[in-house]
Every structure is written in structure tokens, then in C-alpha cells.
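Below is one structure, written out as C-alpha cells; comments come after it.
The values are calculated or read from the model by the stated rules, or taken from the named source; none is laboratory data. Because the structure is predicted, anything quoted here is derived from the model rather than measured. For neighbour counting, all protein chains shown are included, and Cβ atoms are generated from backbone atoms with ideal geometry for every residue, glycine included. Heavy atoms of the whole protein, side chains included, go into the accessibility calculation; ligands, DNA and RNA do not. Shrake-Rupley method; radii C 1.70, N 1.55, O 1.52, S 1.80 Å.
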Protein chains: 6
Amino acid sequence: MTTVSKLTESRGAWMMLGEPGLTARIAGAGFDWILLDQQHGAIGPDRLVGLARAHDHGACELAVRVPSADPAAIGRALDVGASIVVVPLVQTADEARAIVAAANYPPVGGRSWGPLTPLWGAPTPDAASAKPRLWPMIETRTALDQLDEILAVEGLDAVFIGPYDLSLALGMTLAELLADDRGPLATIVAACRKAGVACGAFAGSPANAKRLAKFGFGHLAVTTDLGIIDAGTAFVLPGWGAPRTLY
Amino acid sequence: MTTVSKLTESRGAWMMLGEPGLTARIAGAGFDWILLDQQHGAIGPDRLVGLARAHDHGACELAVRVPSADPAAIGRALDVGASIVVVPLVQTADEARAIVAAANYPPVGGRSWGPLTPLWGAPTPDAASAKPRLWPMIETRTALDQLDEILAVEGLDAVFIGPYDLSLALGMTLAELLADDRGPLATIVAACRKAGVACGAFAGSPANAKRLAKFGFGHLAVTTDLGIIDAGTAFVLPGWGAPRTLY
Amino acid sequence: MTTVSKLTESRGAWMMLGEPGLTARIAGAGFDWILLDQQHGAIGPDRLVGLARAHDHGACELAVRVPSADPAAIGRALDVGASIVVVPLVQTADEARAIVAAANYPPVGGRSWGPLTPLWGAPTPDAASAKPRLWPMIETRTALDQLDEILAVEGLDAVFIGPYDLSLALGMTLAELLADDRGPLATIVAACRKAGVACGAFAGSPANAKRLAKFGFGHLAVTTDLGIIDAGTAFVLPGWGAPRTLY
Amino acid sequence: MTTVSKLTESRGAWMMLGEPGLTARIAGAGFDWILLDQQHGAIGPDRLVGLARAHDHGACELAVRVPSADPAAIGRALDVGASIVVVPLVQTADEARAIVAAANYPPVGGRSWGPLTPLWGAPTPDAASAKPRLWPMIETRTALDQLDEILAVEGLDAVFIGPYDLSLALGMTLAELLADDRGPLATIVAACRKAGVACGAFAGSPANAKRLAKFGFGHLAVTTDLGIIDAGTAFVLPGWGAPRTLY
Amino acid sequence: MTTVSKLTESRGAWMMLGEPGLTARIAGAGFDWILLDQQHGAIGPDRLVGLARAHDHGACELAVRVPSADPAAIGRALDVGASIVVVPLVQTADEARAIVAAANYPPVGGRSWGPLTPLWGAPTPDAASAKPRLWPMIETRTALDQLDEILAVEGLDAVFIGPYDLSLALGMTLAELLADDRGPLATIVAACRKAGVACGAFAGSPANAKRLAKFGFGHLAVTTDLGIIDAGTAFVLPGWGAPRTLY
Amino acid sequence: MTTVSKLTESRGAWMMLGEPGLTARIAGAGFDWILLDQQHGAIGPDRLVGLARAHDHGACELAVRVPSADPAAIGRALDVGASIVVVPLVQTADEARAIVAAANYPPVGGRSWGPLTPLWGAPTPDAASAKPRLWPMIETRTALDQLDEILAVEGLDAVFIGPYDLSLALGMTLAELLADDRGPLATIVAACRKAGVACGAFAGSPANAKRLAKFGFGHLAVTTDLGIIDAGTAFVLPGWGAPRTLY
Ligand SMILES: [Mg+2]
Ligand SMILES: [Mg+2]
Ligand SMILES: [Mg+2]
Ligand SMILES: [Mg+2]
Ligand SMILES: [Mg+2]
Ligand SMILES: [Mg+2]
């Protein structure tokens, strides 16, 4: 398993269906990371283990979006082998600090020892060298207001934007949010640069990813497993007739 | 999928075994709703997805009882397609308000966008028109004391009584609770009528359901999946000998 | 586990959905046997093991309908603990003899030793006392023609009629077959009585079962798991309105 | 569910991973049929049922490749709702006739009644109107020698070529077989046209499919689920760098 | 199912793989209890039910380590039949009291009624006689500091030490912690004796268990399912060559 | 994955429970091969795929016992990655030749191309270099009579004895068979040596394995997954009291 080559730029794929063969195939396709979505994907605690096991053949990093900032969920994501943990709906610096505490062993935090990866033959990790990348999600009005304080929290690798929730929170459409060159997205990127913290976002499609990259977002979820299936069928089918529009 | 025809009266079936074929068959039998019980049924977050998918052919509403008032659990129940969320052990108006916040998108609440129903081909729902019915359970002494305050919370569709827990909480047997014409159940119904909020209860059997209906409870869980199996075998077996007593 | 009390008369339930909780509940309901249908139910070799394990708490005999007369399938049905094996589409005495050979250890037949029941803590059965009941199905025109020869085969416990397939084979409707007092069903029962072999049939509903019992069929599949669910919901639902017609 | 619009031309996708969400998504993508591969895919009798159920939302026909010409396997494929059955390694007209007998109800054949589709709420099919499309595979030297006799068998919808096995059988590479304009593939197409029987082939990629279409093969498996995933990731990834070569 | 014969001494096995056949076999092997680990084992809420069901044939007590002190998780562990609940990372007397409240029905606590064991045919337990053994884990520096207050909480059966986490918390290696005759482990045992509360610990191997027993720990997790597999293969393999070192 | 180091001698473990974590752990323990038992273990065609995938991390060869000599089952065992196929109840040289034909690609046999191992990321095998080891089982009276003819069949790697079935077939107890120094087992070994074909046997315990090794059997199934669990618990438990007798 490689690590993300550049600290501030990567391309990932977002797993919602949670099927092991599909996940394993995508894990080997060339993305920097795949993410298992426990918040809005069909992946509960039991499937999480099987999918992490399926990833084991992959050549990319494993990320998990936990359903909430619950420390037990963060610990489990790390125990199954995630090197990146995405935490939804983080609103304050205190919440961000609690995430750092949940994800790190003492003395930094209070994470409990017990890796699951040896269950499927992977080597036992080393507590001392565990360096989880934590990506709290900025997707509410409160979080926008508290952004500088959140960015100042020690132990975060990046902040990660959820454009769907952010647009809902701001009373805008997603299209308006993405189109607004001097709006919230530009503000977030500027704040991150100033704080020296990387930033990323869920794109969900190459088109959105390109737009978000222009804003300066470095870590991008460029597609989902559903998007990959749709792109694959669209690629294969038009050979027999009129091309279908994709994205 | 139809919606509950009358706002204050419905008949539902309670799924505890959590098996998809059984659930799908009951979903099409004529109940107003089926409920997937995550608190005291064999249904964790992973099975929830498969059961919601199995319900998809049903002609009734989908309800979920979440294991607790955890906002992530409430969000997931809605994401898999529930139109009714039953929340156990609600004790105060503050807790009730937190449930309303968890179940509604901004600006009403803080629910996060991400429906799972499109994963199995159902149409993507519309955030603007999402109107979750929330049924907090009244089943503790504290909740009885706070009932008027709870009923005054904006955004609840009904309160739902758990007679088993309520009788335990009040130091009564279930039979005593059901027999007491001027006791807690009558008080609850009166308070609901005064507040203009619908009320329901878990019955578990047609006999209990009839008794609860007499009190004035409108939304009733008249049976469980186990009860349906037992009723079905009792119906089929006596044809060959002495009838068995049922309920 | 009890054994069928009377050699020639019993009431069973037919499992098509193949879900373990549903199956276990029905297994304890008072039938003489439940049958796991591998021919026309959702039960392949992998689910068969889990369902046999689920039955283990039941108070009735376990029957399996194998998908075909394949000796490996017959052996597996017995290995998971079936005491009754129903074999579809048997047409000749030679086929019947092959079934007897497949189901019995040497020197009677060629069954291979290897019970699976100890895998889930049940006691290891005893090869010497194994006495599988074999119920070949009579459901084709050829089988009707060869009935006397089939009935003369040593080692059969009963013949079992498939009225659906038999009516298709004879170019009749099911209703016609069941209504014909002097037709094929009467002929079969008479032949069985003459040969001193028990006979049974798939009914699928109490009404059909009563009709088949009148012909003299002793072992009857009076319902299916689907039928039990439908009967159970029909019993529970009419309490709230007009009764539904069942069967 | 639509039926294949033109009798002799269609585009299908071949499922090897056998995962329900992936399969359901592909089933709705615009292919004429998807095939569940029980011979060389990860799909045994138990998974077959769940995948057929997952397909139920699809807008295409369901095909199954059975593991062998075993009548029980052919019956099960039809019982779960397949309208097309692909049978591997058919070598003689007698074998082809046995397939026709296995797939049709009396009086044409000996198929046994018992559809599984009602288990998941689909309407019960009608025995009289069942018209299974049977596609025996021609992929051995013997089958080539017997092709005219096989094509003369009543009740076949098409013959289907397995170029991988055929090239192995003929001692050629796949590339040689596909490149040979006057070789076995041309001979097969000519024989089919003369006999008035449709012909198809497994392509596995659009490139191979175009080549096979030039020969005159009408029913083509243009891709697999693995191929769709690979095409999808290849489409999504190059937006960020150099395009990857696909197929 | 027997209960632990002596209040303060028992030998248990720790399940991390969470496979039902393996678990059932170990449950019958002679341990006083087996534990299902939801914190650092591959056992989420959905698998928990199946494993509790698999244990049902066992001749030992069922213990569950919940992922956190979440009352819903504690309730579920008890609902599936655990008589012992191990709660990780308990730090204060208030937290310990909350656990007692979560695990007991009114009037002692606020546990909600709804046993799952009847789902698989086990008798319905009796609310009045429910006496859950609660084993909060002492494995942080704060917990050490608060130990006397925690031990004074009414309703605990024992405290249970996690030597891995405790050594991390104290900045020691596990070996140092186990070797220190007058260190934290001795202090804990002394405090427990003074308070009249039993104490236990996770050992993970017979060697560690012997060491911990010398300190005076009574309830010991002497091995894991992985450890049992490794011991079993080590026992079997050396018969054919040089013995392997174990533990 | 290593290959069996010496052609005629190896030690294997026999999987009956068919659970992936258990199987994967045993696969890495030091046996020369593990076998997945489809005849008398809880492993049907669907579980076979998952277990072969779980083995993928193992450091030993994969063997499969197919349920019967059905060519489709033999092909599937090889497709999922088995290098050894054990076939039960082989009785004649013709049957042995049919197995060789089923297991080899043209021109030697008629095996169909379609490996499943690439589904989980393993490299695609090469048809030309496929060299399946075939171990037909000798366990009937007929097979004993035909042993020389069977041993003369080209393409067998070894014959494999089933002592349980063989003793049943010969009307002896297993103990008598194993004790008889000049009986059937000695005869078989002598015939194999004369024919230059390796021989093996199912032992099931180290004690039986030592006895069989004395006869000269080289490939030995020294234990089962159940036996490993029992040995592991027996090793761990006596440390706390009197040792238990094992085997
Ligand atoms: Mg979001
Ligand atoms: Mg309650
Ligand atoms: Mg039939
Ligand atoms: Mg082929
Ligand atoms: Mg710990
Ligand atoms: Mg044998």
C-alpha cells in the first residue's frame, strides 16, 4: 500500500454500495485512495470489516467516513486499517480536538489498542508510528464561522468540504455554490492556505472535481462506485449506437 | 407506496426477525406501515439497508425504530427510506427538539444530505419536500411528567407509547396498566387530544390493540413478525384437530 | 426431535423462502415435519446447511426435497440431518432403486459416511441405525404407467404426489385433477394400498389438503412458509375491518 | 422487463462477480440483457436467487449461463426468472434435444412447475406462455462437426460461441481465431444462416464484439462486470493526467 | 447454561473473528465464559445476533464487550443474552454509575424491555431476576486515579483490566507492566480486595494469564479465538517434525 | 503459494466448517495444503468462492474435495484456484479417466477456460502450464477390486483412501481396518508402489495419521478444522487444572 504522494493533492473514489468485489477492483484501479462511506453509504460496522479486508489487495490508501464523531467509530475505522478518517458535520474547534483525541494513542489522545488487520493476515501495525490523517468535514454555517479556530487545531491533516450539505446549509443550490468564484468555497480555500492546512472536497463527478480543483481544493473525491459503473456502461454501450451523455 | 390515509389512525406490523423475504411479504399484506426494530429486533445498521431494499416492493409506509436518539441513526433511518421514525425513551422536550433537528434538513434542522434509496433504483427524493413523521416514545416516569412540554414541541407527528417499559417504569404489570381506565394511558390520550397531537402505541397482538384503541390510541402496532408466523400456523394447524388458542 | 407418530399420516409445512428465523419458528409450531425445498425454493446447498442448523431447535422431523435424484444431493440432505428425503420426478423402478442405493450405507447402498450435524453440536448419528424415509415423487405420465413397479421397490417409505406437475403432465388443470373422484389420484391411492406403501402429496393449502386427505393421501404438505405468512396477516388484519378471504 | 427487440441481434453484459448492487445497476444501464454466469463466475445456486431478485428492477432481460446441461440447473435458471438460458459445452443434437426437453413444460418437455419469482413479489408466470430462449454453446471440435445436426434441433433460439474454449479446442490462439476470415467463425455463421438459426458469441470487450459482429454474430456479450468497472475507472482517472489505454 | 461457579474466579475465551461455527465450538470446550468483542473484534451489531444465537448450544456464560459505554449498546448485549458486559475505557464513578443505570431495569436503572433470545427459541427471561454482571475496564490514567471511587459504585460485579491500553497510558511496555510486582497491577488488586470487588484482566495467552493470576486477578481471558487456532495447529503440526514454539 | 515439496509426502488440514477467518488462519499455519470439503463439509458452491478467496493469503496449496465426479464441480474447484482435487467414491478406471478429462484443457481433456482467481486480484493462470493434481478416492469394494486398473490411468497424481467409508464397505470397524497389518490398507500401499503412484489417506487425527504413515501412506489429512479447535482449547484449558485427553 502506497501513501498519498503529495500531502495536499490526491484523487479518491467514494464507495456507497459496499460490495467487496466491486470495491477491491476499484481499489486497484489507480486512485490515491478509496473511501468507505458509513454515513451515506450502505456500509455498517459489520460490512466495514469485510470491505477493509477486500481492500487489502489494493494499491491505494484506505479512507473511511465515519457516521459521526463517535470515538468508538473513529477507533474502529482505524482498527480496520484506514489511514484517512473523514468525519462529517464538524462544527467547532472543540469537536475537532475531540476527533484528534479519539484517533491518537496516548499520550496524544485516548485511542484504545486493538488492530483488526492481523485477523486477515496483514502485519500488526505499530502504535508508535500510527499517524492517522484526519479530515473533518466543513459543511455547516457554524463550521464556516468557526473555520479559523478549527484550522488552528493541532493534528488535522486537512479539512474536507461537503458541497451538498454546505449549499443546503447556506440556502443555495449546489450549482450556485460551485459557480460563485468569490463565495464560500473561495473563502475556505483562502483560509486553509493561510493556516497551512490542506483542503479537499467531495466532487462526485470529474466535472465537479475540475471545478473544485480550480478553487484550489487538493484532495478530491472524483467519483463514486455508482459513478464508475455508470461511466463504464456509458463507455461500452455507445459503441453500438449514439453516445450517451455522461456527467 | 401509499401514505398513511388518516393522520391519526393506522395499523402497523413490527419486524423483529429482520429477514428480507418475510419482511417483503408482510409489507405487501395490507398494513399501513411496517416497522424495522433496531432497538429490540435483530436488525443492525447493515441489515437495515437490505430490509429497506426488500420493502421497496411493498405497498405500505416504512417505519424504523432507531436504537436511540443518536442523530446519525435517525439520519440513516431516513436515508434508507423511512417516512416514520420511532425514537425510544424520549424523556424531555429538549430531547424531542433534538430529534426534530436531527430529522430535518436546514434551515429547520441539521440533517445531512445523502439518500440511500437510489442505490437500489428508487428515485432520488427531494430535500425540499421531505416531511419525516417523528414518533418519540413515551415510556418512562420522567416522560410522563414532561408530557405537556414534549407535546408542545414543533415538528412531532405523534407520540408513541411503549406499554411494556411504561409498566416497568411505573411498577405495575402490563395487565394492570391496560386495565386501568383512569390511569396513565387515559391521561396520555387526554393530554394528546388537548395538544392536538396524534398518539400511538405498541400493542403486539390484536387483543392488546383493541384495548389500546379503546383508550383512544390511533397508531397501533397490532402484531409482530413472530406474531404473524404464530397466527399463520395456528390458522393452518387446527384444520387437522382441536383449534389452538391464539392471543 | 420426535419421529412421525403414525407411519402413514402426517402434516408438514413446505419452506420456500429459506430464511432461518422464519424456518425455526415454523419448526416449533406443531407440524410433524418441515421440508426444505431445494427444487423450487430459494435454498441451494449453502443455505441448506444454515437452515438445517436453524431447525435444530425444532420439535419436528426435518425433510428435504432435493433438486434431482443426484446421489450427492441425497447424501447431503441426509448429512445435514434430514430424516425424510423427497425426490422429484422419479419415473421408473430403476430410478427408485438408485435412490435407495444413494440413501443407505453399505451393504444396502453406497452412501458415504460424513454427518454434518456434529458441526453445530448435535450428537453424531449412528450408521447402523440410520433409516432414511424416502418419498419419491410421482408426477409424470411415465411414473403413472410404472407405478406398480415403483411401489414394489424395497426401501421406500411412501410415494409423494406433485399435483401441479401431474396435472400439467396429464393435460388437465389442477382443479380438474382434484375434482376427478375416479381419476389418477384415486388410482394412485388404490395402488399404494394394494402395495402396502404409504402415500402423500403436496397440498399447499388446508383446502387442498382436505381434498387430498379424502382421496386417502396420508402425508400432506398442508401449507408453505408463504402460506403461513399470508394466513397470519389475514388473521390479524380483519380485526380492524372486513375479514379477508383466505384460501 | 422488455424483451429482446430484434430476434437476431442484441447486446448483453456478463456478470462474473455476482454482487447484487453492481448487478442491479448494470441491469438498468441500457443493455438488452445481463447474464449471470454460473459456470465461470462467482455465482452458485444460492447467490443466483439473490441476483435474480436484484435484477427485478432492471429494464432488460435476464440470462443465466448454467454450469452444465443438468436439467435441474436449467429448471432453476428459468424458475428464478431467466428468459434466456446459455448452456456450455453442448456437443451433439441429442444433448441439444435434452436441453429443449429440460426447459419446456409438458407436452414439449419435462420441466417441473415451481416459479421462484413470486417469492419477491413478481407476478406468477403462466406455464402456457413460457417461451424460454435456449442458447447452447458451440465451443468444442465435436460440436463443430455436429453443427448442422444441432442447428436442426427444434426449440433452439440461437447457438452461442465461446471463442476462448473454441480456440483452445482447435489448438489456435484467440487472436488467430478472430483474425481468420474464412475459418471456423465464418463457417459457423454461414451454417446458422443456412439453418435460419440466430447466432451469438461471448466477446468480453467492445473491440472483440465489433470483430465478432463483422463475422455476423448477432447476440453479443460486449462486456463483463469487471470490464465495466475497468472502463469506468479508466474514464474517470485520465481527466487528471494521461489517458489510460482501455481494451 | 451454567453460571460462573465462584464469584471471583473464572477462565474465559475472547472472540475476535466472530465466526459462528468457530464460536459455537469454543463455547462448548470448557471455558467459564466466551466473550464477543465488539470493540476490537470483527463483530458489529448485526453479527452479534448471529453469534449469540450460535452460542445458544454452549455450556458456558456469554459475555460481550461493547464498543463503548453507549446505553443502547449495553442494552443490546443484554438483550441477545449476555450475562456479563465488559465496558471499555471507563474513567470515573459517574461513568460507572451510568453503566449500572443502562444495564438494569427500573427502578434501579432505565434499561428498556425487549429480549432477543426468544427469537431463536430460547425461553423469555424474567425482568425481575435479571442480574447482569458488569465489568467496567480500568485502562487509563484517569481511571487509576479514580479507582477507589469507581470501586465504590453499587452494582458492579468486578473491574476488568486492559493491560495493553494501560501500559500505553502509563508510557510503559506491556512487559514492564507485567513484570512490576509493586506497580499498578498490584495496586489495583489491593484496591479491589479492600473494596470487596472482584477483579479480572485480559491475558490473551496462558503465560500472561498465569502471570496475572499471580497478581491476584480472578476473572481471566486466557486466550482468543486466534490463539486457540494457533495452539491447535501447533499441537497438531509438531507430530511431524520439530515442535513449534507457542506463546 | 508453494507447491507440495515432495511428490509423495505431505500433511494437510481438512476444512469442514467453512468459515473464512478460521480457514485463512489455518492456511497460514504450516500445513502443506488445506482442503475445502464439499462432500461432507458445510461448503457449497457459493461458499467455495469466498473460502478460496480467503485462502489467497495462505502459504500452502489449496485442495478441494468435490461432492462427486461431476465435471462441472471439478472445473469449478480448479477455477477457484485449487491445485489438488480430491474426488470421492471413484470405482473404475473409466471413472478415473473421466476425471482426468474433466480436469485438463484440450487436447488432454475437455475442461472449459474461465479462472475465477482474477476476480480477487490474483494473476490469471496460464492454460498451458495448468497441471492439476488429481486424487481419486478409493473407498468401496469395487474400487479395491479395480485398483490396478485405476492406478494404470494416465494423469493421476495419487490415490486417496477414505478409511471410514472403506471400513463400512468391507463390513469392518475403523479400528479393525487400521489394526490389520496385512489387510486392505497394506494391499493398497503395495499396489500403489508397484504402479509408481503416490497414495494418501484421510486420517482426521495425528494418532490415525501416524498409523497410516506406518502403512506407507504419504499424503495425509492429519486433522480437521474442528480437530484444530479442540486441540487448541485442550492445550489452553489444562493450564488451569487437570489436562484433558485429546485424540
Ligand atoms: Mg455531508
Ligand atoms: Mg420500550
Ligand atoms: Mg413437482
Ligand atoms: Mg466456454
Ligand atoms: Mg483496551
Ligand atoms: Mg468417504
Nonlocal amide H pairs with residue E:138, under 5 Å, H built at 1.01 Å: E:160, E:161, E:162
Grab the residue from chain D whose Cβ hugs the D-to-C rotation axis most tightly, plus its distance in whole angstrom. D:46, 3
For residue D:142, label point 7 Å along C-beta direction: distances to other copies, nm: 2.1, 2.1, 7.4, 7.5, 7.7
Every cysteine in chain E with no other Cys Cβ under 4.7 Å from its Cβ, please list them in numeric order. E:60
At most 14 other Cβ within 10 Å, DSSP loop - chymotrypsin sites (Phe, Trp or Tyr not before Pro), the stretch E:1-110: none
Given an 8 Å cut-off on Cα distances and at least 6 residues of separation, report the relative contact order of chain C as a percent. 18
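Shape of the stretch D:11-128 from its Cα gyration tensor (a ≥ b ≥ c, root eigenvalues): rounded if a/c is under 1.5, otherwise prolate when a/b > b/c, or oblate?
On the way: a/c = 1.91, a/b = 1.34, b/c = 1.43.
Judged from the Cα gyration tensor, the stretch D:11-128 comes out oblate (a/c at least 1.5, b/c at or above a/b).
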Using heavy-atom solvent-accessible surface (probe 1.4 Å) with all chains present, what is the largest-first order of F:182, B:111? F:182, B:111
From the square roots a ≥ b ≥ c of the eigenvalues of the alpha-carbon gyration tensor of the protein assembly as shown, which class results: rounded (a/c under 1.5), prolate (a/b over b/c), or oblate? rounded
So which of E:131/E:214; E:194/E:214; D:131/D:210; E:131/E:194; B:194/B:214 end up more than 21 Å apart, counting from Cα to Cα? E:131/E:214; D:131/D:210; E:131/E:194
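Would you mind giving the mean number of other chain beta-carbons within 10 Å of the Cβ of each residue in E:114-123, as a whole number?
Mean number of neighbouring Cβ atoms from other chains: 5.
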Considering only the label points, 7 Å along Cα→Cβ from Cα, what distances in nm to one decimal separate residue E:171 from the same position in each other copy, shortest first? 5.3, 5.3, 7.8, 8.1, 9.6
Under-5 Å amide H pairs with residue B:60, H placed in peptide plane, nonlocal only: B:2
Per-residue average of other protein chain Cβ atoms inside 10 Å, peptide E:161-169 -> 4
Pseudo-label separations to other copies for residue C:207 - Cα-to-Cβ vector, 7 Å, nm: 3.0, 5.7, 6.3, 6.3, 7.4
Considering only E:229, E:99, E:34, give the residue with the highest GNM mean-square fluctuation for chain E, with springs between Cα atoms whenever their separation is below 10 Å. E:229
Under 5 Å between amide H atoms, partner at least 5 residues away or on a different chain: which partners does residue D:14 have, H built in plane at 1.01 Å? D:35, D:223, D:224, D:225
Go through F:236, F:16, F:199 and say which Cα lies farthest out towards the positive end of the charge dipole of the stretch F:10-240; charges sit on Cβ, +1 for Lys and Arg, -1 for Asp and Glu. F:236
Selection from F:177, F:161, F:124 lying farthest towards where the dipole of the stretch F:96-198 points positive, charges on Cβ: F:124
What percent antiparallel are the DSSP beta bridges of the protein assembly as shown, to the nearest 5? 5
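Given +1 on the Cβ of Lys and Arg, -1 on the Cβ of Asp and Glu, and no further charges, what dipole in debye does the protein assembly as shown carry about its Cα centre, rounded to the nearest 20?
Roughly 0 debye, rounded to the nearest 20.
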Answer rounded, prolate or oblate for the stretch D:10-240, using the Cα gyration tensor with square roots of eigenvalues a ≥ b ≥ c: rounded when a/c is under 1.5, else prolate when a/b is larger than b/c, else oblate. oblate
Just F:172, F:16, F:137 to compare: in a GNM of chain F, with alpha carbon springs under 10 Å, which one fluctuates most? F:172
Give me the inter-chain shielding for F:44-54: mean count of other chain Cβ atoms within 10 Å, whole number please. 6
